[in-house]
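Asks: Could you have a look at this structure, given as structure tokens, before my questions?
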Amino acid sequence: MEKKWEELTPDEKQEALFNRWLSPKDPQGNDLKFQSPQTEKAYKERLARIKDAIQMKKLPDRVPVFVAPSFFPVYYAGITPKESMYDYDKCCMAFKKFVIDFEPDGNLGAYVPGPGKFFDTLDYKLYSWPGHGVAPEQSYQCNEGEYMKADEYDALIDDPSNFFSNIYLPRVFGALEGFKMLPMLPGILEIYGVAVNFIPFGLPPVQATYKALFEAGAEALKWIGAMGAWNAEITAAGFPIIAAGFTKAPFDVIGDTLRGTRSIMLDMYRQPDKLLEAMDRLTPLMIKMGVGTAQMAGHPLMFMPLHKGADGFLSDEQFKKFYWPTFRKVMMGLIAEGAVPMPAAEGHWTTRLEVVQDLPKGKTLWMIDQSDMVKAKKTLGKVACLFGNVPSDLLVVGTPQQVKDYVKNLIDTAGKGGGFIVSNGAFFDQAKAENVHAMVDTTKEYGVYK
Amino acid sequence: MAKDLVNALANLKEEEALKIVKDGLGAGEEPLKILDDAKKGMEIVGKRFADSQYFIPDLVYSGEILKEITELVKPKLTAAAETKRLGKVVLGTVAGDIHDIGKDIVVFMLDVNGFEVYDLGVDVPAQKFIDKIKESGAPIVGLSGFLTLAFDSMKETVEAIKAAGLRDKVKVMIGGGQITEEIKKYTGADAYGNNAMAGVTLAKKWIGA
């Protein structure tokens with residue numbers, strides 16, 4: 001008899017999620033029909049290659065290659081970022097052309113642009129996007145700010161959900177102003193006075209907020225429909241999509257979009273205990289977010305963009321005290337449920353490598369940007385599959401020959417013994433197409449394990 | 001006493017530093033003298049950052065303490081503080097890019113190392129750089145950028161400076177997360193730095209300090 005999910009070991013859970021990824025479903029939930037037996041074979045071969053690299057149990061047939069861009073597919077297809085955000089057909093066309101033309105073993109889907117109309121409807125303040133704060137031909141960028149004030153740690157710690165709904169969301173979405181008036185839900189208890197809790201829903205600002213939410217929800221649904229169809233089409237053509245969703249390190253949750261870089265740095269000196277307590281409070285929520293998505297999507301890989309932990313952003317001591325413990329807990333929580341955390345260590349992480357290698361083997365997949373690859377392979381690379389390190393500047397201004405030489409050297413250095421995937425090191429907007437081709441093609445030719 | 005403030009600030013002792021300033025002002029100490037001590041403290045912070053003893057949070061925190069000290073002292077100031085500056089630098093994040101953390105650190109380090117910095121902010125069009133170079137007569141320009149799209153913006157800015165007839169009057173340095181020697185060549189800049197201290201070293205070299 002098949003074991004229940006709770007009875008499985010973490011290893012078995014990971015295997016089960018890999019198996020679900022290997023047997024993809026269409027948007028209706030039926031077994032996906034591949035375009036041809038050849039594309040099905042190609043899909044399974046690519047996935048086996050990726051899985052072997054991640055698990056580090058046996059050598060893959062060759063070094064896999066990912067291409068993980070930001071807006072590059074959009075420029076490559078000759079449309080603007082603005083068009084890609086407001087016209088889902090154009091967005092899907094661009095990302096499809098990108099995957100079909102470059103044939104990477106793994107791609108990140110067509111999620112980067114996101115639904116422009118949705119952001120308009122909710123008056124999203126956290127970002128400037130093309131046509132809305134930045135020019136139509138540029139990518140969206142974050143507007144850092146103090147969206148959580150220095151004296152609001154207690155509110156976050158006491159009740160994170162309430163803090164988000166009533167305080168944080170109205171600050172980052174102009175149209176959610178009405179959420180400030182939402183009732184405290186645990187106050188809804190018995191017939192006596194129960195209706196009082198619902199008074200806010202009769203008030204015009206709250207009703208206006210809900211009207212905006214219905215519109216935004218409909219748009220989100222339209223967008224995810226387009227993404228689902230894209231995923232099915234690209235998978236059917238034989239190309240695995242390498243991340244099912246995302247979660248974050250608690251320090252980044254607070255430092256990126258709640259307190260902001262400057263403020264969280266001050267908090268480390270002025271109210272370290274509150275900061276630590278808040279991160280502890282967020283840890284199980286970040287685990288739940290990642291595990292939930294992995295379960296729903298039937299896919300083990302859970303992307304974790306890392307920001308404030310890079311070299312120089314914290315001292316060694318601060319990294320060990322504030323960043324690493326809860327980041328590690330989130331990863332271990334995901335691993336326990338069979339998911340594979342996929343942290344992206346953008347920028348330089350060379351001084352962190354010895355600390356972050358304290359992980360079980362074959363359970364994580366790290367994107368490495370400009371860290372010292374020799375050191376990375378000797379430390380973190382002993383327990384985790386690494387991908388990345390092909391530099392952005394090389395892809396933009398280099399020549400195909402330079403890219404080829406770089407990739408060969410990278411395979412010699414980091415590819416030895418498996419546990420490595422060639423990829424760009426940072427999410428990029430610009431690149432010469434011939435350089436991206438050179439990265440993929442060199443890996444396929446030179447990366448074969450003998 | 002004087003040494004206390006220098007050390008308190010250099011060692012990031014916020015409460016202690018503020019108490020010294022308040023007590024000093026209460027006892028009738030010369031406000032300019034207090035600011036001078038604060039400046040000395042910040043120089044030590046800058047030096048420790050350059051030596052990798054301090055990191056970005058330490059810079060941010062020291063800047064915050066300095067701001068508080070300045071606010072305490074300001075009402076007592078009768079004459080404007082006279083500071084001798086090494087030279088002028090025009091600095092900003094190039095058009096299309098709104099990232100400011102890296103730029104702010106370079107501004108900070110140039111400032112504590114004695115430069116007069118004209119910080120033009122983020123998403124700065126080429127013309128704004130040109131106007132400020134003309135107005136200030138600054139011999140050094142710093143272009144910051146985090147995104148790959150900044151490579152082209154930097155290139156265009158350098159070309160615009162050239163077209164305005166100013167290229168031989170200024171030295172241009174560039175910096176940002178993905179900036180390398182190759183990008184320096186591509187943009188036509190004179191040099192690049194991969195950390196804030198490299199920017200200070202370049203600026204000092206260029207003005208012959």
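The values are calculated or read from the model by the stated rules, or taken from the named source; none is laboratory data. Predicted model only: the values in this text are computed from it and were never measured. Every residue, glycine as well, gets a Cβ built from its backbone with ideal geometry; the counts of neighbours run over all protein chains shown.
Asks: Got a number for residues in the range B:150-176 being part of a strand (DSSP E or B) and within 14 Å of chain A (Cβ to nearest Cβ)?
Replies: Initial filter on the range B:150-176 (part of a strand (DSSP E or B)): B:171-175.
Of the ones still in play, those that are also within 14 Å of chain A (Cβ to nearest Cβ) are B:174-175.
Of the residues in the range B:150-176, 2 are part of a strand (DSSP E or B) and within 14 Å of chain A (Cβ to nearest Cβ).
Asks: Then there is this: Any residue in the range B:190-206 that is within 13 Å of chain A (Cβ to nearest Cβ) sitting within a Cβ distance under 6 Å of a residue that is surrounded by fewer than 20 Cβ atoms within 10 Å (Cβ to Cβ) and not β-branched (V, I, T)? List the pairs, counting only those 6 or more apart or interchain.
Replies: From residues that are within 13 Å of chain A (Cβ to nearest Cβ), the pairs are B:M197/B:A50.
Asks: Go through (1) closer than 30 Å to A:K51 by Cα; (2) touching a Leu at 6+ places or on another chain (Cβ under 9 Å); (3) within 14 Å of chain B (Cβ to nearest Cβ) one by one and return the number of the condition A:E137 breaks.
Replies: It fails just one condition, (1).
Asks: Here is a further query. Taking B:I179 as the residue in question, decide whether it is within 27 Å of A:Q402 (Cβ to Cβ) and either within 11 Å of chain A (Cβ to nearest Cβ) or in a helix (DSSP H, G or I) (or both).
Replies: yes
Asks: Would you call B:I65 on the phi < 0 side of the Ramachandran plot, over 22 Å from the mean Cα position of the chain (by Cα), surrounded by 22 or more Cβ atoms within 10 Å (Cβ to Cβ) and of a type outside the set (D, E, K, R)? Break it down into steps so the answer makes sense when it comes.
Replies: On the way: on the phi < 0 side of the Ramachandran plot: yes; over 22 Å from the mean Cα position of the chain (by Cα): no; surrounded by 22 or more Cβ atoms within 10 Å (Cβ to Cβ): yes; of a type outside the set (D, E, K, R): yes.
When the stated conditions are applied, B:I65 does not pass them.
Asks: OK, next. Is it true that some residue in the range B:188-206 is among the charged types (D, E, K, R), closer than 29 Å to A:S128 by Cβ and part of a helix (DSSP H, G or I)?
Replies: no
Asks: For the range A:43-160, give me every one of the helices (runs of 4 or more DSSP H) that falls completely inside it and has 3 or more residues that are within 30 Å of A:L22 (Cβ to Cβ). Explain how you work it out, then say what you get.
Replies: Working: elements: A:72-76, A:81-86, A:88-102, A:116-122, A:153-158.
Counting at least 3 such residues, we get A:72-76, A:88-102.
Asks: Could you grab me the full set of residues in the range B:76-125 that are in a loop (DSSP other than H, G, I, E, B), within 13 Å of chain A (Cβ to nearest Cβ) and of a type in the set (D, E, K, R)?
Replies: B:D97, B:D100, B:D123 - these are the residues of the range B:76-125 that are in a loop (DSSP other than H, G, I, E, B), within 13 Å of chain A (Cβ to nearest Cβ) and of a type in the set (D, E, K, R).
Asks: Please indicate, with yes or no, whether at least one residue in the range A:283-292 is under 20 Å from B:G176 (Cα atoms) and either within 11 Å of another protein chain (Cβ to nearest Cβ) or at pLDDT 95 or above (or both).
Replies: no
Asks: Here are some residues: B:L147, B:L143. Which one is within 9 Å of another protein chain (Cβ to nearest Cβ), under 25 Å from A:L395 (Cβ atoms), free of Cβ contacts under 8 Å to residues at least 60 places away in the same chain and not in a helix (DSSP H, G or I)?
Replies: Testing whether each residue is within 9 Å of another protein chain (Cβ to nearest Cβ), under 25 Å from A:L395 (Cβ atoms), free of Cβ contacts under 8 Å to residues at least 60 places away in the same chain and not in a helix (DSSP H, G or I) leaves just B:L147.
Quick grid of which residues meet (1) part of a helix (DSSP H, G or I); (2) surrounded by fewer than 20 Cβ atoms within 10 Å (Cβ to Cβ):
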{"site": "B:A8", "(1), (2)": "yes, no"}
{"site": "B:L18", "(1), (2)": "yes, yes"}
{"site": "B:G28", "(1), (2)": "no, yes"}
{"site": "B:D36", "(1), (2)": "yes, yes"}
{"site": "B:E43", "(1), (2)": "yes, yes"}
{"site": "B:L72", "(1), (2)": "yes, yes"}
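Asks: Inside the range A:333-450, counting only strands (runs of 3 or more DSSP E) that do not spill past its ends, which hold 1 or more residues that are small (G, A, S) and out of contact with any strand residue (DSSP E or B) (no Cβ under 6 Å at 6 or more places or on another chain)?
Replies: Where strands (runs of 3 or more DSSP E) fall fully within the range A:333-450, none carries at least 1 residues being small (G, A, S) and out of contact with any strand residue (DSSP E or B) (no Cβ under 6 Å at 6 or more places or on another chain).
Asks: I'm trying to understand the selection: among the residues of the range A:294-309, which are buried (at least 19 other Cβ atoms within 10 Å of the Cβ) and away from chain B (no Cβ under 14 Å)?
Replies: A:A294, A:A297, A:H299, A:P300, A:L301, A:M302, A:F303, A:M304
Asks: For the condition within 18 Å of A:G298 (Cα to Cα), over 25 Å from the mean Cα position of the chain (by Cα) and without any contact (Cβ under 8 Å) to a residue 24 or more places away in the chain, what is the one hit in A:K33, A:K44, A:K4?
Replies: After applying the criteria, what remains is A:K4.
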